[in-house]
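Before any comments, here is the structure.
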Amino acid sequence: MTTDPPPGFTTHQATPARIYDALLGGKDNYAADREAADRIKQKEPNAELIVHNNRAFLRRVVTYLVAEAGIRQIIDLGSGLPTQDNVHHIAQQIAPETRVVYVDNDPIVLAHDRARLADNPNTTVVTADLRESAAVLGATETRQLIDFSQPWALLSIAVFHFIPDDPGSIIDAYRAHMPPGSHLALSHLSQDATTPETAAEITRIYQDATAPMVLRTREQIHGIFAGMELVEPGLPLIMQWRPPVEPRFPEQVWLFGGVGRIPQPPATTTA
Ligand SMILES: C[S@@+](CC[C@H](N)C(=O)[O-])C[C@H]1O[C@@H](n2cnc3c(N)ncnc32)[C@H](O)[C@@H]1O
């Protein structure tokens, strides 16, 4: 890092964004993050493959949203640090006018994105806790890019497992501002997609980080899409969601993923 450390920045304690960056082979991480990543790899030898599979899921989801569902505005909650194949790269390759708001509560993401996004007028970053939907949706940067009268997509890829609060209530607060035709895309770690022993070990490692890891059952994750239409093929393991021709994936992939569409309200008949 060549920039001054932003407020709230800590290097002695691992953060989810920087552990993830270390697992992806990135450079925006510190000794505490690499140590946590190494501990994770000892307990889950497929860890690097799993995070790359999550990024591949994200690429397929964004491609679907822009190319097939016609989405042109996206808010990416818990966007993280990855430098390649970011949401705006994928979306704007298909439709250059697509607007993207990145949201993360780790100050390193803001420092990183300010430089990375400086010359892209259709992309911005908001530093906020995603649980504060009013702060996210009301931020000047968000309001400049997102027209809430038109359908938009909310991404929460590999982030709600760092949120102990009820995800359904958090999503409901966003949903109040999502017109029909809007979409929610989500991937989430689950104890149903690994062994109980590995789940317990990895959860323990995150107790030393800045955010705990909260695994949920597939049924609980499915419940986050309540009232939405799940796009085919529903909520499978991430590599099974519109898979590439030759998927390469471990047996225990940890994450379920899916996309939900907010339906049109039922037509009312007048007497
Ligand atoms: C595992 S990374 C996922 C990054 C990206 N979405 C992806 O799937 O490649 C999780 C991200 O969520 C962010 N995060 C965790 N809790 C958050 C919160 N309460 N509000 C906003 N971001 C949060 C972390 O800082 C981290 O960057």
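The values are calculated or read from the model by the stated rules, or taken from the named source; none is laboratory data. Just so it is clear, the structure is predicted and the values come from calculations on it, not from any experiment. Neighbour counts run over all protein chains shown; Cβ positions are idealised from the backbone, glycine included. To get the accessible areas, we keep the full protein, side chains included, count just its heavy atoms, and leave off ligands, DNA and RNA. Shrake-Rupley method; radii C 1.70, N 1.55, O 1.52, S 1.80 Å.
Taking the numbered list (1) under 25 Å from residue 168 (Cα atoms); (2) charged (D, E, K, R); (3) within 11 Å of the ligand (Cβ to nearest atom) in turn, residue 85 passes all entries but (1).
Looking at the stretch 48-58, can you tell me whether even one residue there is assigned to a loop (DSSP other than H, G, I, E, B), open to solvent by 20 Å² or more (accessible area, probe 1.4 Å) and within 12 Å of the ligand (Cβ to nearest atom)? Scanning the stretch 48-58 turns up no residue that is assigned to a loop (DSSP other than H, G, I, E, B), open to solvent by 20 Å² or more (accessible area, probe 1.4 Å) and within 12 Å of the ligand (Cβ to nearest atom).
Taken over the stretch 147-163, the residue count meeting the criterion of being assigned to a loop (DSSP other than H, G, I, E, B) and over 14 Å from residue 17 (Cα atoms) is 6. Which of the residues that make up the stretch 64-116 are in a loop (DSSP other than H, G, I, E, B), of a type in the set (Ser, Thr, Tyr) and closer than 21 Å to residue 135 by Cα? 79 - this is the single residue of the stretch 64-116 that is in a loop (DSSP other than H, G, I, E, B), of a type in the set (Ser, Thr, Tyr) and closer than 21 Å to residue 135 by Cα. Restricting the stretch 176-202 to residues that are of a type in the set (Val, Ile, Thr) and away from the ligand (no atom under 14 Å from the Cβ), the residue that is nearest to residue 233 (Cα to Cα) is 194. Scanning the stretch 125-146 for residues that are within 14 Å of the ligand (Cβ to nearest atom) and farther than 14 Å from residue 175 by Cα turns up 125, 126, 127, 128, 129, 135, 139, 142. Considering 44, 68, the condition of being charged (D, E, K, R), out of contact with any Phe, Trp or Tyr (no Cβ under 7 Å at 6 or more places or on another chain), loosely packed, with under 15 Cβ neighbours inside 10 Å and within 23 Å of residue 256 (Cα to Cα) is satisfied by 68 alone. Before we move on, is residue 154 in contact with a strand residue (DSSP E or B) (Cβ under 8 Å, 6 or more places away or on another chain), on the phi < 0 side of the Ramachandran plot and open to solvent by 20 Å² or more (accessible area, probe 1.4 Å)? It is false that residue 154 is in contact with a strand residue (DSSP E or B) (Cβ under 8 Å, 6 or more places away or on another chain), on the phi < 0 side of the Ramachandran plot and open to solvent by 20 Å² or more (accessible area, probe 1.4 Å). Does the stretch 211-218 contain any residue that is in contact (Cβ under 8 Å) with a residue 12 or more places away in the chain, open to solvent by less than 60 Å² (accessible area, probe 1.4 Å), assigned to a loop (DSSP other than H, G, I, E, B) and basic (Lys, Arg)? So far as the stretch 211-218 goes, yes, one or more of its residues are in contact (Cβ under 8 Å) with a residue 12 or more places away in the chain, open to solvent by less than 60 Å² (accessible area, probe 1.4 Å), assigned to a loop (DSSP other than H, G, I, E, B) and basic (Lys, Arg).
Among 73, 42, 92, which is the only one that is under 29 Å from residue 140 (Cβ atoms) and out of contact with any strand residue (DSSP E or B) (no Cβ under 7 Å at 6 or more places or on another chain)? The unique qualifying residue is 92.
If the condition is being over 10 Å from residue 79 (Cβ atoms) and either free of Cβ contacts under 8 Å to residues at least 24 places away in the same chain or under 16 Å from the mean Cα position of the chain (by Cα) (or both), then the stretch 94-111 contributes 105, 110.
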